[in-house]
Amino acid sequence: MSTRSLIIEATAALLAQSPNGDVSTRAVCEAAGVQQPALYRLFGDKDGLLSATVDYVWDQYLESKRAAKESEDPLQDLRAGWDSHTAFAVEHPNAYKLMFAPALRSMPEAAEEAMRILRGVLERLAVQGRLRVTPVVAARMVMTANTGVALALITRPALYPDASLSTLVRDAIHQAILVDSDPGAPAQDARIVAATTLLSALNELTPQPFTTVEAALLGQWLAQVIASAATQ
């Protein structure tokens, strides 16, 4: 195992055991059996070490998402993704809090990958005409809500003792972004759904009927339709 891997694994272990979510570089070096200059040479500073450690811990979670087989219903995948996100936060509270800590100067790569995976599920829903906002907006709404619930559960357990809160918020946010979260409820604005569906399907068309310029122009028009309808 490389020195870098030894240091990251030692940091992850100490982080998981830490009562306050912090670790010292001295303790990390002692646990990994290396000198501090080696740590700073590989990671730059403590911030770099923590970012690499968060990526390491989150990568184990994301690996299950990468390997997961898509179901026939992307809504099922969306719900499962929310639930696994919350479960990961509860199981790894310190690493989770670090992922979203404003004090961490560099954003861990895992945060961007988690968002890309989420957008992929939402794009499948949009192509099916089931999304009432764009996949980008929906991804931000879902990730913000999921993160908020997870942080509440792990940072203020006395205020939020019921883990079922996550499911309640999940269903509420899904109702806000999906046309069919409630089978009996009509879309609030058919123009938004239609424009979102077409916008999401542009890159899926084979053969592509538009030139690059035409596709960009059509995308701009559809985005304007969505924005205009959303403000009415």
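Annotations for the structure displayed:
- Of the trypsin sites (Lys or Arg not before Pro) found in segment 4-111, the ones in coil according to DSSP and having at most 13 other Cβ atoms within 10 Å of their Cβ are Lys69, Arg105.
- Less than 5 angstrom separates the built amide H of Leu178 from those of Arg132, all sequence-distant by 5 or more or on a different chain.
- Cα-based reach from Lys46 at 13 Å (exclusive), listing aspartates and glutamates while leaving out same-chain residues under 8 positions away: Asp22
- Contour minus Cα-Cα distance for Ser84 and Met115 (0.36 nm per residue): 9.8 nm
- Net charge of Cβ neighbours under 10 Å - reference Lys65; Lys, Arg +1; Asp, Glu -1: -2
- Residues Met1, Met99, Met143 arranged by fewest to most Cβ contacts within 10 Å: Met1, Met143, Met99
None of the figures in this text is laboratory data; all of them are computed from the coordinates on show. The structure displayed is predicted, hence computed values, not measured ones. Positions of Cβ are generated from backbone atoms using ideal geometry, with glycine treated the same way; all protein chains shown enter the neighbour counts.
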